[in-house]
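The values are calculated or read from the model by the stated rules, or taken from the named source; none is laboratory data. Since we're looking at a predicted model, the values are computed, not measured. Cβ: placed from backbone, ideal geometry, glycine included. Neighbour counts: every protein chain shown. Surface accessibility is based on the protein's heavy atoms, side chains included, excluding ligands, DNA and RNA. Shrake-Rupley method; radii C 1.70, N 1.55, O 1.52, S 1.80 Å.
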Amino acid sequence: MSNLNPQTVTAVHHWTDTLFSFTCTRDPSFRFDSGQFTMVGLDVAGKPLMRAYSIASANYDEELEFFSIKVPDGPLTSRLQHLNCGDSVLIGKKPTGTLIVDNLLPGRVLWLLCTGTGLAPFMSVIRDLSVYDRYDQIVVVHGCRYTRELAYRDYITQTLPQHEYLGEEIRRKLIYYPTVTREPFLNMGRITDLIENGKLFTDTGLPVFSTERDRVMLCGSSAMLRDARALLDARGFEEGNQSVPGHYVVEKAFVS
Ligand code: A2P
């Protein structure tokens, strides 16, 4: 288990019967870039049971935070959802991942498009002051089936704008656009449809995607990623990675 560190759970929050977040202690030597993921798991009968989880906390926070679904028969999440404060979790020592701003070409608007727990890495990104230095505008677009699944909504709209250090930049630059597909809500429709029909741009007051100005990070289900990727490719956007920065980057929201 030399590549894993045991850490202690410090808080657990259940958003719905299918979604929860938890925080745990952080090894002082654990460093990560906003948007990266690491392995998270439990010791089950003497063996580590691990899955990839995006880190939701800011890279300067003392603790680590994760946002997860609860899969009733999922080997790990069926156990993780019963975590309590004081329990031990295993955290991988080597964070990695493509959803980092260094993998993007310089641009003016950063779009963070996500569904479900795909919001997790973006909770880290929007709490990183250096991201605000790079962009004029940062837009979080979170798509869920139901309003109750819009986790972190109050935190983003109420708490973050009052944040001691980030508040001013957040108030100036961050746009939060939640959208729901299976019940009436302020904004309705799949993210991909809202891009195609232009409603996302009308509602946010921003121009339609252009490769000169816009940079996109995608995180969510495989189906959403496939369709969003096709839509960006059709508009001339090129995917970036560690060696060649591009107009957009993609990561699957892992645990399903
Ligand atoms: P929908 O309700 O129309 O399926 P899920 O919980 O299945 O991962 O879905 C989360 C959100 O992502 C839902 O609002 C869902 O819409 C939406 N979604 C599912 N598939 C796609 C897709 N291919 N492109 C865009 N959004 C999608």
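Details
- Test result for residue 125, open to solvent by less than 60 Å² (accessible area, probe 1.4 Å), among the hydrophobic types (A, V, I, L, M, F, W, C) and under 24 Å from residue 31 (Cβ atoms): yes
- Counted residues, segment 191-213 - those being under 22 Å from the mean Cα position of the chain (by Cα), of a type in the set (Val, Ile, Thr) and away from the ligand (no atom under 16 Å from the Cβ): 1
- In the condition set (1) near the ligand (Cβ under 10 Å from one of its atoms); (2) open to solvent by 60 Å² or more (accessible area, probe 1.4 Å); (3) touching a helix residue (DSSP H, G or I) at 6+ places or on another chain (Cβ under 8 Å); (4) not hydroxyl-bearing (Ser, Thr, Tyr), residue 188 is compliant with all but (3).
- Residue identified as open to solvent by less than 50 Å² (accessible area, probe 1.4 Å), touching a strand residue (DSSP E or B) at 6+ places or on another chain (Cβ under 6 Å) and of a type in the set (D, E, K, R) among 27, 61: 27
- Residue that is of a type in the set (Val, Ile, Thr), more than 16 Å from the ligand (Cβ to nearest atom), buried (at least 18 other Cβ atoms within 10 Å of the Cβ) and within 23 Å of residue 56 (Cα to Cα), where the choices are 216, 249: 249
- Test for residue 226: is it surrounded by fewer than 14 Cβ atoms within 10 Å (Cβ to Cβ) and either in a helix (DSSP H, G or I) or not aliphatic (A, V, I, L, M) (or both): yes
- The residue of segment 154-184 that is nearest to residue 112 (Cα to Cα), among those that are open to solvent by less than 40 Å² (accessible area, probe 1.4 Å) and within 12 Å of the ligand (Cβ to nearest atom), is 178.
- Scanning segment 34-50 for residues that are in contact (Cβ under 8 Å) with a residue 12 or more places away in the chain and either open to solvent by 70 Å² or more (accessible area, probe 1.4 Å) or not assigned by TED's automatic domain parsing to the domain that holds residue 69 (or both) yields 39, 43.
Let's see how each residue does on (1) surrounded by fewer than 15 Cβ atoms within 10 Å (Cβ to Cβ); (2) among the aromatic types (Phe, Trp, Tyr); (3) within 19 Å of residue 152 (Cα to Cα):
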| position | (1), (2), (3) |
| --- | --- |
| 57 | no, no, yes |
| 70 | no, no, yes |
| 74 | no, no, no |
| 81 | no, no, yes |
| 85 | yes, no, no |
| 89 | no, no, no |
| 97 | no, no, no |
| 115 | no, no, yes |
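- Yes/no for residue 33 being at pLDDT 95 or above, within 16 Å of the ligand (Cβ to nearest atom) and in a loop (DSSP other than H, G, I, E, B): no
- Exclusive hit being of a type outside the set (S, T, N, Q), modelled with pLDDT of 95 or more and closer than 26 Å to residue 217 by Cα, set 87, 61: 61
- Elements of type strands (runs of 3 or more DSSP E) in segment 63-139, at least 2 residues being under 20 Å from residue 225 (Cα atoms) and of a type outside the set (A, V, I, L, M): 63-69, 109-115
- Search result, residues across segment 154-191 that are over 25 Å from residue 209 (Cα atoms) and among the charged types (D, E, K, R): 154, 164, 168, 182, 183
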